[in-house]
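Structure first, commentary second.
The values are calculated or read from the model by the stated rules, or taken from the named source; none is laboratory data. Keep in mind that what you see is a predicted model, and the values were worked out from it rather than measured. So basically every Cβ, Gly included, is an ideal-geometry build from the backbone, and we count neighbours across all protein chains shown.
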């Protein structure tokens, strides 16, 4: 089932064919995390697995079949994720985030390498941990994954499941600085008091590395767009 969350149904129908979604959910106008959480909670009870797609996300063919199969066959798994292709605003391939099982380990100490597009979450686990923390503006997926990891198993599927469009207009790219600092706050808050005390030793350089990596990617996409 596909639910679409937006402020106005009429406005959405001017842009999206009604046959492309099953359920319209009003946006509570309290930020992106609240909109996503509202959409997930509005789904019928028979929907067992959930995730969300932004307007810059695309699923690879057969992605849902693969992730559903994992969750159906492994009741201990609360999240399944795989690789994600990064593309520019023209759809040109940039690189693939292949991540791996190590991405789950890094959640509290390193960059967030679990691609949210293409992942699939067990709904009862999502509800049990309280869903998305709507106080976060950018890195709410990181916070969710950390809490899910405490609840059950995060399973890596060694295949590409989705595509993410990297361009300056996207929230992830345009709000990069805020996102990096918010993610740092989430990681630090997930640590025990002793580790939190020492966390600036790795968090300060880690934030700089992530910000610089984002600038390199943005520069690369700009160069690709100019060439086209």
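Scanning the stretch 133-178 for residues that are assigned to a helix (DSSP H, G or I) and over 25 Å from residue 67 (Cβ atoms), which turns out modelled with the lowest pLDDT? Applying the filter and picking the extreme gives 174. Applying the condition of being assigned to a helix (DSSP H, G or I) and touching a strand residue (DSSP E or B) at 6+ places or on another chain (Cβ under 7 Å) to the stretch 70-102 and asking which residue is nearest to residue 122 (Cα to Cα) yields 71. Just give me the residues in the stretch 39-66 being under 30 Å from residue 91 (Cα atoms) and part of a helix (DSSP H, G or I), in sequence order. Across the stretch 39-66, the qualifying residues are 39, 40, 63, 64, 65, 66.
I'd like to verify a number: residues in the stretch 45-69 that are out of contact with any strand residue (DSSP E or B) (no Cβ under 8 Å at 6 or more places or on another chain) and more than 19 Å from residue 141 (Cα to Cα), how many? Here the count works out to 7.
Taking the listed residues 14, 45, the one that is loosely packed, with under 15 Cβ neighbours inside 10 Å, under 20 Å from residue 120 (Cα atoms) and free of Cβ contacts under 8 Å to residues at least 24 places away in the same chain is 45, with no other qualifying. May I ask you to say which residue of 160, 134 is within 30 Å of residue 44 (Cβ to Cβ), surrounded by fewer than 22 Cβ atoms within 10 Å (Cβ to Cβ) and touching a strand residue (DSSP E or B) at 6+ places or on another chain (Cβ under 6 Å)? Criteria check complete, one pass: 160. Restricting the stretch 28-42 to residues that are surrounded by 13 or more Cβ atoms within 10 Å (Cβ to Cβ) and over 24 Å from residue 77 (Cα atoms), the residue that is farthest from the chain's Cα centre (by Cα) is 28. Of the residues examined, residue 110 is not one that is buried (at least 18 other Cβ atoms within 10 Å of the Cβ) and in a loop (DSSP other than H, G, I, E, B). Suppose the filter is touching a strand residue (DSSP E or B) at 6+ places or on another chain (Cβ under 8 Å), within 18 Å of residue 117 (Cα to Cα) and surrounded by 15 or more Cβ atoms within 10 Å (Cβ to Cβ); does residue 25 pass it? Spelling it out, it is not the case that residue 25 is touching a strand residue (DSSP E or B) at 6+ places or on another chain (Cβ under 8 Å), within 18 Å of residue 117 (Cα to Cα) and surrounded by 15 or more Cβ atoms within 10 Å (Cβ to Cβ).
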